[in-house]
1. Residues of the range 194-232 being more than 15 Å from the ligand (Cβ to nearest atom), among the acidic types (Asp, Glu) and either within 14 Å of residue 252 (Cα to Cα) or in contact with a Leu (Cβ under 9 Å, 6 or more places away or on another chain) (or both), which ones?
2. Looking at the range 247-257, which of the residues that are assigned to a loop (DSSP other than H, G, I, E, B) and under 19 Å from the mean Cα position of the chain (by Cα) is nearest to residue 187 (Cα to Cα)?
3. Just the residues that are in contact (Cβ under 8 Å) with a residue 12 or more places away in the chain and outside any helix (DSSP H, G or I), please, taken from the range 141-162.
4. For the subset of the range 25-41 comprising residues that are in contact (Cβ under 8 Å) with a residue 40 or more places away in the chain and more than 7 Å from the ligand (Cβ to nearest atom), which member is farthest from residue 55 (Cα to Cα)?
5. Which pairs have Cβ atoms under 6 Å, sit 6 or more apart or on different chains, and link a residue in the range 55-68 that is more than 13 Å from residue 113 (Cα to Cα) to one that is open to solvent by 70 Å² or more (accessible area, probe 1.4 Å) and near the ligand (Cβ under 8 Å from one of its atoms)?
6. Restricting attention to the range 107-117, does a residue exist that is out of contact with any helix residue (DSSP H, G or I) (no Cβ under 9 Å at 6 or more places or on another chain), within 16 Å of the ligand (Cβ to nearest atom) and farther than 18 Å from residue 244 by Cα?
7. Please enumerate the residues belonging to the range 126-140 that are in contact (Cβ under 8 Å) with a residue 60 or more places away in the chain, away from the ligand (no atom under 11 Å from the Cβ) and of a type in the set (Gly, Ala, Ser).
Amino acid sequence: MDNSLKGRVALVTGGTKGIGKAIADRLSSEGCKVVVTARTEPKENPNGHYFIASDLTQPESAESIAKEILTTFGRIDIIVNNAGANLSPGGGFSTLSDEHWITDWQLNFLSVVRINKALLPVMIEQKSGVIINISTGAAKQPIWEMTMSYSSAKAALNIYSKALANELGAKGVRVNVVSPGVVKTPLMLEFIENLAKSSNIKVDDAFKAVMDKVGAPLGRMADPEEIANLVAFLVSPEAKYITGINYSVDGGALPVV
Ligand SMILES: NC(=O)c1ccc[n+]([C@@H]2O[C@H](COP(=O)([O-])OP(=O)(O)OC[C@H]3O[C@@H](n4cnc5c(N)ncnc54)[C@H](OP(=O)(O)O)[C@@H]3O)[C@@H](O)[C@H]2O)c1
């Protein structure tokens, strides 16, 4: 059996920074033709990823991404729905307006639903395809009042992914979720800086507070490449019997089995 990913067309949303970039670079090194999306085109693109500019909080973005991929490559084999962020302020439930909730859900949940809906007919026709939805440990265990609207959108993503896996298994399409804990990325650094500001503490103390709250037995944040390692395995033919699962990559932080 050919276990390689050579020539597969892979979309990685938010593939220009952090976890998404690590996934895009890894898939490219495995031989995939990688399409990345983000709002801003990176200045450097050493791996030659095909870039599509797009804001995923906008409902029309998914259709135009799908159209450009299918026009350019004629197929889609792998979708990694990675773009996501906690866009809301701290302060708990009473600080969150309808607009905060809607924006968090547009980016972290509805954009994934729309991208998959636009590209799945092609995977179903091909009778093959793999989808990875990047969630968060905070969707299994709410650890921070700053992440309420974000983590509930990701929790919706988890159950949506399970339902999609059930629906698509017989059609040759696998769907899995990868849930990072804390990962050293621009998003995490911004979160820590905002926490320091809103709690009126030093950035170093905010960093320590996050690590204490998360309580990962491995005692450190992950590198983005450590998330990409699992994604590369899950999209490969070696994982062909794995679907409908939500994997934590969190240094052991989740306190339940
Ligand atoms: N870092 C962590 O500790 C952690 C933990 C658990 C889960 N996660 C999840 O992992 C995923 C990646 O996080 P990260 O930490 O790698 O984030 P990051 O460093 O901020 O990178 C996010 C990527 O998504 C793009 N992006 C952000 N907002 C977008 C929008 N509105 N439309 C389109 N693209 C957008 C960014 O590019 P532009 O800014 O140019 O658009 C960038 O390429 C997210 O889904 C996040 O929820 C992260």
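The values are calculated or read from the model by the stated rules, or taken from the named source; none is laboratory data. In this text the structure is predicted, and so the values were computed from the model without any measurement. FYI the Cβ positions are ideal-geometry reconstructions off the backbone, even for glycines, and counts take in every protein chain you see. Surface accessibility is based on the protein's heavy atoms, side chains included, excluding ligands, DNA and RNA. Shrake-Rupley method; radii C 1.70, N 1.55, O 1.52, S 1.80 Å.
1. Scanning the range 194-232 gives a single hit, 212.
2. So, considering only residues that are assigned to a loop (DSSP other than H, G, I, E, B) and under 19 Å from the mean Cα position of the chain (by Cα), the one nearest to residue 187 (Cα to Cα) is 250.
3. If the condition is that a residue be in contact (Cβ under 8 Å) with a residue 12 or more places away in the chain and outside any helix (DSSP H, G or I), then 141, 143, 144 are the ones that fit.
4. The qualifying residue farthest from residue 55 (Cα to Cα) is 30.
5. Pairs found: 55/39.
6. no
7. Scanning the range 126-140 gives no hits.
The rows are residues; the columns are (1) surrounded by 14 or more Cβ atoms within 10 Å (Cβ to Cβ); (2) within 30 Å of residue 233 (Cβ to Cβ); (3) of a type in the set (Ser, Thr, Tyr).
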site	(1), (2), (3)
70	yes, yes, no
75	yes, yes, no
84	yes, yes, no
93	no, no, no
101	yes, no, no
110	yes, yes, no
116	yes, yes, no
122	yes, yes, no
127	no, yes, no
